[in-house]
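One structure is given below, encoded as structure tokens.
The values are calculated or read from the model by the stated rules, or taken from the named source; none is laboratory data. All of these numbers come straight from a predicted model, not from anything done at the bench. Heads up, the Cβs are rebuilt from the backbone with ideal geometry, glycines too, and the neighbour counts pull from every protein chain shown.
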Amino acid sequence: MYRAMYPRTCSGKYSLAAPFAERFFELGRDKAQVGMITANSFMKREFGKKLVAEYFPTVNLTNIINTSGAYIPGHGTPTVLLFGTAEAPSKDRLKDTIKTVLASRGEPSTPADPEQGLVWRSIADHGDEIGYENDFITVAQTDRLALS
């Protein structure tokens, strides 16, 4: 059923993260801001190639934040935060990059207060600082073409 509804993103034995991402952007009106937390499995597996190489270049992704190392209570699935606008990417040279927060490693132990976890604090406190790097994250402006 989903394969017929979302042929641009469903490929092989896919995770629902693929059509879910497409649907989120479909729901946004022109230039509407879209943000989601979703499984990052599409970033690591064969089924995600179609989503990454064919679908994401058609929308204006602005931020990709890999939260797979952060401790999220009651949630064992490695996740990613995706942000963008429901429109084609701009041809403007200033928008040829996407802000990315890359995960380097996970929490060394389960934090007593998840909000104060080392990974989550790194993302929250430094996620806007291009060039920031510590043991847990690296923040960069990544070429849009390199991501596809």
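Looking at (1) of a type in the set (A, V, I, L, M); (2) free of Cβ contacts under 8 Å to residues at least 40 places away in the same chain; (3) part of a loop (DSSP other than H, G, I, E, B); (4) closer than 23 Å to Ala21 by Cα, which is the only condition Ile72 fails?
Condition (2) is where Ile72 drops out.
If you check every pair at least six apart or on different chains, which have Cβ atoms under 7 Å apart with a residue in segment 103-119 that is in contact (Cβ under 8 Å) with a residue 40 or more places away in the chain and part of a loop (DSSP other than H, G, I, E, B) first and a residue that is surrounded by 14 or more Cβ atoms within 10 Å (Cβ to Cβ) and of a type in the set (Asp, Glu) second?
Between residues of segment 103-119 that are in contact (Cβ under 8 Å) with a residue 40 or more places away in the chain and part of a loop (DSSP other than H, G, I, E, B) and residues that are surrounded by 14 or more Cβ atoms within 10 Å (Cβ to Cβ) and of a type in the set (Asp, Glu), the close pairs are Gly117/Glu107.
Across segment 3-62, what is the total count of residues that are of a type in the set (A, V, I, L, M, F, W, C), assigned to a helix (DSSP H, G or I) and either surrounded by 21 or more Cβ atoms within 10 Å (Cβ to Cβ) or in contact with a Cys (Cβ under 9 Å, 6 or more places away or on another chain) (or both)?
8
Yes or no: segment 4-24 includes at least one residue that is more than 14 Å from Ala88 (Cβ to Cβ), free of Cβ contacts under 8 Å to residues at least 12 places away in the same chain and among the aliphatic types (A, V, I, L, M).
Yes; the residues of segment 4-24 include at least one that is more than 14 Å from Ala88 (Cβ to Cβ), free of Cβ contacts under 8 Å to residues at least 12 places away in the same chain and among the aliphatic types (A, V, I, L, M).
Please indicate, with yes or no, whether at least one residue in segment 103-110 is closer than 23 Å to Asp30 by Cα and aliphatic (A, V, I, L, M).
No: segment 103-110 contains no residue that is closer than 23 Å to Asp30 by Cα and aliphatic (A, V, I, L, M).
I'd like to check something: does segment 80-93 contain any residue that is modelled with pLDDT under 90, touching a helix residue (DSSP H, G or I) at 6+ places or on another chain (Cβ under 9 Å), assigned to a helix (DSSP H, G or I) and more than 20 Å from Gly48 (Cα to Cα)?
Looking for residues that are modelled with pLDDT under 90, touching a helix residue (DSSP H, G or I) at 6+ places or on another chain (Cβ under 9 Å), assigned to a helix (DSSP H, G or I) and more than 20 Å from Gly48 (Cα to Cα), one finds none in segment 80-93, hence no.
Restricted to segment 17-66, and to residues that are farther than 17 Å from Thr85 by Cα and aromatic (Phe, Trp, Tyr), which residue is nearest to the chain's Cα centre (by Cα)?
Phe42
Taking Gly106 and the conditions (1) under 16 Å from Asn40 (Cα atoms); (2) of a type outside the set (A, V, I, L, M); (3) touching a strand residue (DSSP E or B) at 6+ places or on another chain (Cβ under 8 Å), which numbered condition does it fall short on, given that it satisfies the others?
Unmet for Gly106, out of (1) under 16 Å from Asn40 (Cα atoms); (2) of a type outside the set (A, V, I, L, M); (3) touching a strand residue (DSSP E or B) at 6+ places or on another chain (Cβ under 8 Å): (3).
Among the residues of segment 111-118, is any under 23 Å from Gln33 (Cα atoms) and surrounded by 12 or more Cβ atoms within 10 Å (Cβ to Cβ)?
Keep residues of segment 111-118 that are under 23 Å from Gln33 (Cα atoms), which gives none.
No.
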